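Structure first, commentary second.
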Amino acid sequence: MLTLKSVHSYYGRLHVLKGVSLHVRPGEIVTLLGANGAGKTTTLRTISGLLRPRKGKIEFLGEDISRLSADQIVLRGIAHVPEGRRVFSSLSVAANLELGAFARHDHKSVRADLEDIQRRFPILKERSKQPAGTLSGGEQQILAIARALMARPKLLLLDEPSMGLAPRLVRHVFEIIVGLQKTGATILLIEQNARAALKVADRGYVMETGGISLDGSAADLMNHNEVKRAYLGKGYQEVWE
């Protein structure tokens, strides 16, 4: 579905991605692991068109999308839930959801999808008239994911969905991610909670200083000595245990 081939991205003169190659198959959850500053968020920003690669190629469903704008990439079927949720705090929950479908013109289907989202996430129906900024952090994260789903994405990019959440809500967010895969979603996930990410993922990549240093199945990475040392830690427990 998605393939990155030797992708290089820069912020001005700062060379951040240094030849990143990875792929995501339909129906998979693939996670990117790495320390802060490794290039994980830049990878998602490059895929979604917020940052244009200087070298390399990004292919989505067989099409080169490396030079497309962010709105064109949304239309191709990629939705990005950024770090920090970024909901429109002064707008209502319902308005935030409707904005997720800004590029769609099938108004009848948009209304049906809105009703489906509200059935799937009842809290969003209960709070539909509230300003999004009045929601808790966990509720805002659910809203951000649901807003992305309103675009009917073929690929969902999730950047740190559990950041800043209480343990109970972290578990709920990961249950949502697993549930999305069961409905056919394909997900590329960045998550500092490495063990939680590997428990839900099919495969993973480890990033270091702008490149891929290791990849494999989630089970293999979970048992890899270097991954254990750097990201899991001795005696690590789940944050919600």
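The values are calculated or read from the model by the stated rules, or taken from the named source; none is laboratory data. Keep in mind that this is a model prediction, so the values were computed, not measured. Here Cβ is always computed from backbone atoms with ideal geometry, including for glycine, and neighbour counts include all displayed protein chains.
For segment 49-65, the condition of being within 29 Å of GLU139 (Cβ to Cβ), in contact with an Asp or Glu (Cβ under 9 Å, 6 or more places away or on another chain) and either of a type outside the set (Ser, Thr, Tyr) or at pLDDT below 95 (or both) holds for at least one residue. When LEU51 is tested against (1) hydrophobic (A, V, I, L, M, F, W, C); (2) closer than 18 Å to LEU189 by Cβ; (3) over 15 Å from the mean Cα position of the chain (by Cα), just one condition goes unmet, and that condition is (2). Taken over segment 33-87, the criterion of being closer than 22 Å to ALA144 by Cα and in a strand (DSSP E or B) is satisfied by LEU33, ILE78, ALA79, HIS80, VAL81.
Just one of the numbered conditions (1) within 28 Å of ARG171 (Cα to Cα); (2) surrounded by 15 or more Cβ atoms within 10 Å (Cβ to Cβ); (3) modelled with pLDDT under 95 is not true of ARG86: (2). When each of ILE78, ILE47 is tested for being buried (at least 22 other Cβ atoms within 10 Å of the Cβ) and in contact with a Phe, Trp or Tyr (Cβ under 7 Å, 6 or more places away or on another chain), the lone residue that passes is ILE78. Which of (1) touching a residue at least 12 places away in the same chain (Cβ under 8 Å); (2) surrounded by fewer than 20 Cβ atoms within 10 Å (Cβ to Cβ); (3) on the phi < 0 side of the Ramachandran plot is the odd one out, the single condition ARG119 does not satisfy? Unmet condition: (1).
Among the conditions (1) exposed (fewer than 14 other Cβ atoms within 10 Å of the Cβ); (2) assigned to a loop (DSSP other than H, G, I, E, B); (3) in contact (Cβ under 8 Å) with a residue 40 or more places away in the chain, the only one that GLY133 does not satisfy is (2).
Residues that are touching a helix residue (DSSP H, G or I) at 6+ places or on another chain (Cβ under 7 Å) and of a type in the set (Val, Ile, Thr) number at least 2 in the following strands (runs of 3 or more DSSP E) confined to segment 152-241: 186-190. Quick check on ALA166: is it under 25 Å from PRO26 (Cα atoms) and of a type outside the set (D, E, K, R)? Judged against the criteria, ALA166 is not a match. A Cβ distance below 6 Å, combined with a sequence gap of six or more or placement on separate chains, defines the contacts here; from segment 103-114, residues that are at negative phi reach residues that are among the small types (Gly, Ala, Ser) and in a loop (DSSP other than H, G, I, E, B) in the pairs VAL110/ALA101.
Total residues in segment 1-38 satisfying the condition of being among the small types (Gly, Ala, Ser), farther than 20 Å from ALA201 by Cβ and within 20 Å of the chain's Cα centre (by Cα): the figure is 2.
On the given criteria, is THR209 among the polar types (S, T, N, Q) and either at pLDDT below 90 or on the phi < 0 side of the Ramachandran plot (or both)? In short, no.
Selection of first residues in segment 51-76 that are more than 26 Å from LEU99 (Cβ to Cβ) and of second residues that are in a loop (DSSP other than H, G, I, E, B) and of a type in the set (Ser, Thr, Tyr), restricted to Cβ pairs under 8 Å at least 6 apart or on distinct chains, gives the following pairs, ordered by first then second residue: PRO53/SER66; GLY56/SER66; LYS57/SER66.
For residues in segment 104-130 being among the charged types (D, E, K, R) and outside any helix (DSSP H, G or I), which is nearest to the chain's Cα centre (by Cα)?
Taking segment 104-130 and keeping what is among the charged types (D, E, K, R), we get 104, 106, 108, 111, 113, 115-116, 119-120, 125-127, 129.
This time we only want the ones that are outside any helix (DSSP H, G or I), so: 104, 106, 127, 129.
Values: ARG104: 21, ASP106: 25, ARG127: 24, LYS129: 26 Å.
My answer is ARG104.
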